[in-house]
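Structure first, then comments.
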């Protein structure tokens with residue numbers, strides 16, 4: 001079984017899979033209509049076919065699972081997809097993963113609770129409101145149970161008491177980070193780097209110039225590089241973030257990539273950018289970038 005992140009190359013196949021299982025590309029969750037064609041996710045692939053799909057979105061320090069479907073039940077496909085999403089959440093410092101199911105979905109309630117999720121909220125008669133947005137929602141659900149309520153489950157990845165405050169500095173590479181620690185030991189820093197050992201695909205706003213240059217550096221096709229890159233580790237999205245990058249063209253491409261990463265992860269705080277001399281960290285320029293609710297960058 002191969003697990004891949006959704007990208008534009010397979011978007012049509014993913015959308016067809018969603019329609020085959022949900023009969024629509026629109027999902028209503030807590031009174032919000034969600035276009036499933038715009039959400040992130042992972043899918044399993046065997047013998048040239050999609051065999052499973054999990055979709056999710058992230059905002060701030062939370063991730064929300066929107067759907068999980070498997071063609072072949074009791075073969076571990078759903079469990080593997082869920083494990084990968086939990087791994088992504090932990091890797092990105094998220095506080096919790098949540099999801100909404102309905103009172104008739106006994107299989108989902110059993111599946112998630114057996115895998116570490118707990119019921120944290122019950123929204124009574126929530127489907128009455130959902131039908132105002134999506135009238136085709138049936139009144140009788142699975143197992144002949146009246147479809148009335150939404151049930152929220154969560155997995156806590158770290159307690160709120162562990163949430164750190166203050167600023168985290170993302171620095172362009174190990175050498176600049178070492179210099180930063182020497183010059184500003186009080187700052188908490190994490191390096192921006194590529195790690196080809198992770199075998200994961202980031203997939204957010206990849207700068208084509210950056211990708212071509214780095215693929216050439218590693219002497220691999222761009223497609224292979226995209227499949228292997230895992231550029232950022234250890235960033236706590238609950239923190240205020242400052243991006244520290246050099247002035248050259250490669251650094252500018254890296255900066256563009258980093259901003260796309262934050263945007264794709266649902267980061268919504270203003271981000272400070274510091275352009276510095278990479279040899280002594282002298283500040284050359286600084287500015288702020290704001291994220292609108294829809295995730296559009298504005299400078």
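The values are calculated or read from the model by the stated rules, or taken from the named source; none is laboratory data. Since we're looking at a predicted model, the values are computed, not measured. Note that we place each Cβ from the backbone using ideal geometry, even for glycine, and neighbour counts take in every protein chain shown.
Points worth noting:
- Pairs linking a residue in the range 275-299 that is at negative phi and assigned to a loop (DSSP other than H, G, I, E, B) to a residue that is surrounded by 10 or more Cβ atoms within 10 Å (Cβ to Cβ) and modelled with pLDDT of 50 or more, with Cβ atoms under 6 Å and 6 or more positions apart or on different chains, are 278/176; 278/246; 299/289.
- Complete set of residues in the range 122-139 that are without any contact (Cβ under 8 Å) to a residue 60 or more places away in the chain and surrounded by 13 or more Cβ atoms within 10 Å (Cβ to Cβ): 127, 131
- Residue within the range 226-238 that is farther than 26 Å from residue 3 by Cα, at pLDDT below 70 and either touching a strand residue (DSSP E or B) at 6+ places or on another chain (Cβ under 6 Å) or surrounded by 15 or more Cβ atoms within 10 Å (Cβ to Cβ) (or both) present: no
- Residues in the range 1-15 that are in a helix (DSSP H, G or I) and surrounded by 13 or more Cβ atoms within 10 Å (Cβ to Cβ): 10, 13, 14, 15.
- Residue match in the range 119-138 (condition: closer than 30 Å to residue 4 by Cβ, under 25 Å from the mean Cα position of the chain (by Cα) and assigned to a strand (DSSP E or B)): no
- In the range 1-39, the residues that are without any contact (Cβ under 8 Å) to a residue 12 or more places away in the chain, farther than 14 Å from residue 56 by Cα and under 17 Å from the mean Cα position of the chain (by Cα): 8
- Top-ranked residue in the range 173-194 [being under 14 Å from residue 283 (Cα atoms) and within 29 Å of the chain's Cα centre (by Cα); ranked as surrounded by the fewest Cβ atoms within 10 Å (Cβ to Cβ)]: 180
- Complete set of residues in the range 91-113 that are modelled with pLDDT under 90 and outside any strand (DSSP E or B): 91, 92, 93, 94, 95
- Screening the range 64-83 for residues that are in a helix (DSSP H, G or I) and without any contact (Cβ under 8 Å) to a residue 60 or more places away in the chain and picking the one that is surrounded by the fewest Cβ atoms within 10 Å (Cβ to Cβ) gives 83.
- Residue in the range 40-49 that is surrounded by fewer than 19 Cβ atoms within 10 Å (Cβ to Cβ), under 24 Å from residue 150 (Cα atoms) and over 21 Å from the mean Cα position of the chain (by Cα) present: no
- Only one of the numbered conditions (1) out of contact with any strand residue (DSSP E or B) (no Cβ under 8 Å at 6 or more places or on another chain); (2) closer than 19 Å to residue 137 by Cβ is violated by residue 48, and that is (2).
- First in the range 47-63 and under 12 Å from residue 268 (Cβ atoms), second anywhere and modelled with pLDDT under 85 and assigned to a loop (DSSP other than H, G, I, E, B), Cβ under 6 Å, 6 or more apart: 58/265; 58/266; 59/266; 61/94; 61/95; 61/237; 61/238
- Test: residue in the range 140-153 that is closer than 30 Å to residue 2 by Cα, surrounded by 15 or more Cβ atoms within 10 Å (Cβ to Cβ) and either at pLDDT 90 or above or out of contact with any helix residue (DSSP H, G or I) (no Cβ under 8 Å at 6 or more places or on another chain) (or both): yes
- Meets criteria (under 22 Å from residue 62 (Cβ atoms) and modelled with pLDDT under 65) for residue 205: yes
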